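Below is one structure, written out as structure tokens; the observations come after it.
The values are calculated or read from the model by the stated rules, or taken from the named source; none is laboratory data. A quick note: this is a predicted structure, and the numbers were derived from the prediction, not measured. With ideal geometry, Cβ positions are generated from the backbone for all residues, glycine too; neighbour counts draw on all protein chains shown.
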Amino acid sequence: MFTTIVVQHAQCHTLIRIDKDLSIPVYLQIANGLVNIIKQGALRPGAALPSSRKLAGMLTIHRKTVIAAYDELLAQNWVEAIPVRDYS
């Protein structure tokens, strides 16, 4: 079963394709797809990734899978985590 999403950033539309039947874990497929987007220059330094809830909804997968993909990107130094400030 394939799931394909379009990550929209600025004027760029980039595909991430997920195949749950592959031996590669889904979180790695997501991480690899995002790495490709970064390498293509479609996601510029400082740009925000979609929230884990939003991306999970787009891919119809569990949010923890997206969090694992984001953690993988963080571990490989493709992204950095910036704490959200609460101004309330």
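Pairs meeting the criteria (first residue in the stretch 41-52 and farther than 14 Å from ILE67 by Cα, second residue of a type in the set (Ser, Thr, Tyr) and surrounded by 10 or more Cβ atoms within 10 Å (Cβ to Cβ), beta carbons under 9 Å, at least 6 apart or on different chains) are ALA42/THR14; LEU43/THR14. Taking the stretch 31-64, which residues are of a type outside the set (A, V, I, L, M, F, W, C), closer than 14 Å to VAL79 by Cα and assigned to a loop (DSSP other than H, G, I, E, B)? Correct list: GLY41, ARG44, PRO45, GLY46, PRO50, SER51.
Of the residues LEU34, LEU22, LEU15, only one is modelled with pLDDT under 95, aliphatic (A, V, I, L, M) and touching a Leu at 6+ places or on another chain (Cβ under 7 Å); which?
LEU34
When the stretch 19-53 is limited to residues that are of a type in the set (Lys, Arg) and more than 17 Å from ALA81 (Cα to Cα), the one that is nearest to the chain's Cα centre (by Cα) turns out to be LYS39.
One line per residue, one yes/no per condition, for (1) in contact with a Ser or Thr (Cβ under 9 Å, 6 or more places away or on another chain); (2) of a type in the set (Asp, Glu); (3) more than 12 Å from ILE16 (Cα to Cα):
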{"residue": "ASN32", "(1), (2), (3)": "no, no, no"}
{"residue": "ALA42", "(1), (2), (3)": "yes, no, yes"}
{"residue": "PRO45", "(1), (2), (3)": "no, no, yes"}
{"residue": "ILE61", "(1), (2), (3)": "yes, no, yes"}
{"residue": "VAL66", "(1), (2), (3)": "yes, no, yes"}
{"residue": "ASP71", "(1), (2), (3)": "no, yes, yes"}
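Considered as a group, the residues in the stretch 39-67 that are buried (at least 18 other Cβ atoms within 10 Å of the Cβ) and in contact with a Phe, Trp or Tyr (Cβ under 8 Å, 6 or more places away or on another chain) include one that is nearest to VAL26 (Cα to Cα), and that residue is THR65.
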